[in-house]
Amino acid sequence: MTLDLVIRGGQVLTPTGLRPGTVAVAGGRIVAILPPEAEAVARETVNAQGAHILPGAIDIHCHIRSPAYPNRGSVESETGAAAKGGITTVFEMPITDPCCNSPERVVMRRDHFAPRALTDFAMFAAPVDLTEAAFFALRDAGVIALKIFTTASPPDRDREFAGLAWPDTDAQMTVLRLAAKAGLTVFVHAENDALIAQAAVRATALDKADARTHGLARPPEAEAAAVASLLAMNMIAGARLHIAHVTSGLTVDVLRRFSGSSDFSAETCPHYLSFTEADVARAGVSAKINPPIRHEADRAALWEALADGTLKHVTTDHAAFAPEEKLAKDGDFLSAPPGHPGLETLVPTLLDAVATGKTTMERAFALLSGNAAARFRLPSKGRLAAGADADIIIVDMGAQTHITQSTLLTNARAISRLTDGHRYQGRILRTILRGATIWDGAAIIAPPGSGRFVNPEDPR
Ligand SMILES: [Zn+2]
């Protein structure tokens, strides 16, 4: 067999652990992990001496929003940022204008992304029509999962949130039941709407320029109460349920108490793992994210939950905004739009955690990649083994990643203040998508359209 690519000289993260090896690739797939001394001739040889050869990350929670809002970024700019950040597949959320809430819009967005994407991608949809036929139609359109919020749609964003906002628990129960029938995963932004509404009224009496006001306007009990309610309902509904961006020790405790009660999973994000409310105060409204970044005890509880398996995924919740959108609300934590870029800091956060002994390389890449492939039924993704897609990153753990706004590829670099100046141990030297280098350590070298649509109904 003629090989297209061999990667030699590194430590390969295989499903059975890290070991020295040579990765052999043909036709976009890994054909073998060979012993390091094995002969292998290929069209291209990459020397990874002293480096780690790891699975590309799968970001299961990303907001690119294109084709709406070109001022916030494009499919090229944001999937380019993903590639630089060691991410080879992104799951794109349905919040766009208009909301991605029908099979036709899923196809339209798929066809918009396909000629532009630098990474592979999947599409979420919002369930606007709570009928069995509508759910089966979304499944047949190839969505990776449904997304809902347990909160009302934000002011003036009804078009973007059409089908997403389901604050009534009876509607949430219906979504879970119908999704269970259709075999769809339900991905939930969980905060209790009534508790948020009450807290927001109290917050209007406080200093809106103070980061603590945002924390008080969206308190941890609102998250925990929504999660507990969803998990209780899912004991009857029996859906595949996923809880987005867990922020607090209280919610971790709820997840543990419901362990084994239904088929659910949960994630957290790098900003909750690396930062606290004090960092938000320093960075200003650029660092306003919903739910809010909390306190040191919560940060510690999230790391514990990653270690004991309560949380099985780390995701970006990447949200690009144009600087004028955030800066128009400078000094106003109550009305500034929520979200921060994360595509270029997700993998560095976990590499740094490996370097400092917070986690192992095996667990880090289960959290970044392997668990996502298993949970979202993408059997060709998330592992370095014969037969899998050759989605690979090469990492130098002896070097650092220094994040500065000017070197970010995301179009939202100007609002990327939370992570500005941050140093992470570990540096991504190269990102490879299905055997082709897309990021060479200095630049994006693949053409737009290198990425492909992936979905659980057609795993290749
Ligand atoms: Zn999100």
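The values are calculated or read from the model by the stated rules, or taken from the named source; none is laboratory data. This one's a predicted model, so the numbers in the text were calculated from it and none came from an experiment. Because the Cβ atoms are built from the backbone with ideal geometry, glycine has one as well, and the counts that use them run over all protein chains shown.
Within this structure, Ala137 fails the test of being more than 16 Å from the ligand (Cβ to nearest atom) and crowded, with 24+ Cβ neighbours inside 10 Å.
Find the residue count for region 326-365, including only residues that are outside any loop (DSSP other than H, G, I, E, B), hydrophobic (A, V, I, L, M, F, W, C), more than 16 Å from the ligand (Cβ to nearest atom) and touching a helix residue (DSSP H, G or I) at 6+ places or on another chain (Cβ under 9 Å).
Total meeting the criteria: 9.
For region 350-371, the criterion of being of a type in the set (Lys, Arg) and out of contact with any strand residue (DSSP E or B) (no Cβ under 8 Å at 6 or more places or on another chain) is met by at least one residue.
No other residue among Arg460, Arg427, Arg375 is in contact with a Ser or Thr (Cβ under 7 Å, 6 or more places away or on another chain) and modelled with pLDDT under 95 apart from Arg460.
Taken together, Phe124, Phe161 contain a single residue that is assigned to a strand (DSSP E or B) and within 28 Å of Gly183 (Cβ to Cβ), which is Phe124.
Going through region 11-24 one residue at a time, which ones are more than 17 Å from Ser369 (Cβ to Cβ) and surrounded by 18 or more Cβ atoms within 10 Å (Cβ to Cβ)? Passing the criteria: Gly21, Thr22, Ala24. Screening Tyr272 against (1) closer than 19 Å to Ala414 by Cβ; (2) of a type outside the set (Gly, Ala, Ser); (3) within 16 Å of the ligand (Cβ to nearest atom); (4) assigned to a helix (DSSP H, G or I) leaves a single unmet condition, (1). List the residue pairs whose Cβ atoms are under 6 Å apart, where the first residue sits in region 88-113 and is part of a helix (DSSP H, G or I), the second is of a type in the set (A, V, I, L, M) and surrounded by fewer than 21 Cβ atoms within 10 Å (Cβ to Cβ), and the two are 6 or more positions apart or on different chains. The qualifying pairs are Pro103/Ala137; Pro103/Ala141; Val106/Ala141.
The number of residues in region 54-87 being more than 12 Å from Leu346 (Cα to Cα), within 15 Å of the ligand (Cβ to nearest atom) and assigned to a strand (DSSP E or B) comes to 1. Residue check: Phe91 meets all listed conditions (1) away from the ligand (no atom under 16 Å from the Cβ); (2) closer than 23 Å to Leu350 by Cβ; (3) of a type in the set (Phe, Trp, Tyr) but one, namely (1). Where helices (runs of 4 or more DSSP H) fall entirely within region 182-260, those with at least 3 residues that are within 16 Å of the ligand (Cβ to nearest atom) and at pLDDT 95 or above are at 220-237.
Considering region 29-44 alone, what residues qualify as being surrounded by 15 or more Cβ atoms within 10 Å (Cβ to Cβ) and more than 14 Å from Leu384 (Cβ to Cβ)? Give the steps one after another, and end with the answer.
Going through region 29-44, the residues surrounded by 15 or more Cβ atoms within 10 Å (Cβ to Cβ) turn out to be 29-34, 40, 42.
Listed by number, the residues that qualify are Ala40, Ala42.
Residues of region 308-323 that are polar (S, T, N, Q) and either touching a helix residue (DSSP H, G or I) at 6+ places or on another chain (Cβ under 6 Å) or away from the ligand (no atom under 16 Å from the Cβ) (or both): Thr310, Thr316.
Here Glu92 clears all of (1) within 18 Å of the chain's Cα centre (by Cα); (2) under 21 Å from Pro323 (Cβ atoms) except the condition numbered (2). Within region 382-438, the set of residues being assigned to a strand (DSSP E or B), among the aliphatic types (A, V, I, L, M) and surrounded by 22 or more Cβ atoms within 10 Å (Cβ to Cβ) comprises Ile392, Ile393, Ile394, Val395, Ile428, Ile432, Leu433, Ile438.
Does region 314-332 contain at least one residue that is at positive phi and not small (Gly, Ala, Ser)? Within region 314-332, one or more residues are at positive phi and not small (Gly, Ala, Ser).
In contact with a helix residue (DSSP H, G or I) (Cβ under 7 Å, 6 or more places away or on another chain) and away from the ligand (no atom under 16 Å from the Cβ), is that true of Ser265?
Taking the combined requirement at face value, the residue does not satisfy it.
The listed residues are Asp140, Asp168, and the only one of them that is of a type in the set (D, E, K, R) and without any contact (Cβ under 8 Å) to a residue 60 or more places away in the chain turns out to be Asp168. Within the set Arg282, Arg299, Arg294, the sole residue that is away from the ligand (no atom under 16 Å from the Cβ), among the charged types (D, E, K, R) and part of a loop (DSSP other than H, G, I, E, B) turns out to be Arg294. Here is the figure for region 94-133: residues that are closer than 30 Å to Ala442 by Cβ and either small (Gly, Ala, Ser) or within 16 Å of the ligand (Cβ to nearest atom) (or both) total 4.
Kindly indicate which of Val314, Val347 is without any contact (Cβ under 8 Å) to a residue 60 or more places away in the chain, among the hydrophobic types (A, V, I, L, M, F, W, C), within 26 Å of Val75 (Cβ to Cβ) and crowded, with 24+ Cβ neighbours inside 10 Å.
Working: Val347 fails: without any contact (Cβ under 8 Å) to a residue 60 or more places away in the chain.
Of Val314, Val347, the one residue that is without any contact (Cβ under 8 Å) to a residue 60 or more places away in the chain, among the hydrophobic types (A, V, I, L, M, F, W, C), within 26 Å of Val75 (Cβ to Cβ) and crowded, with 24+ Cβ neighbours inside 10 Å is Val314.
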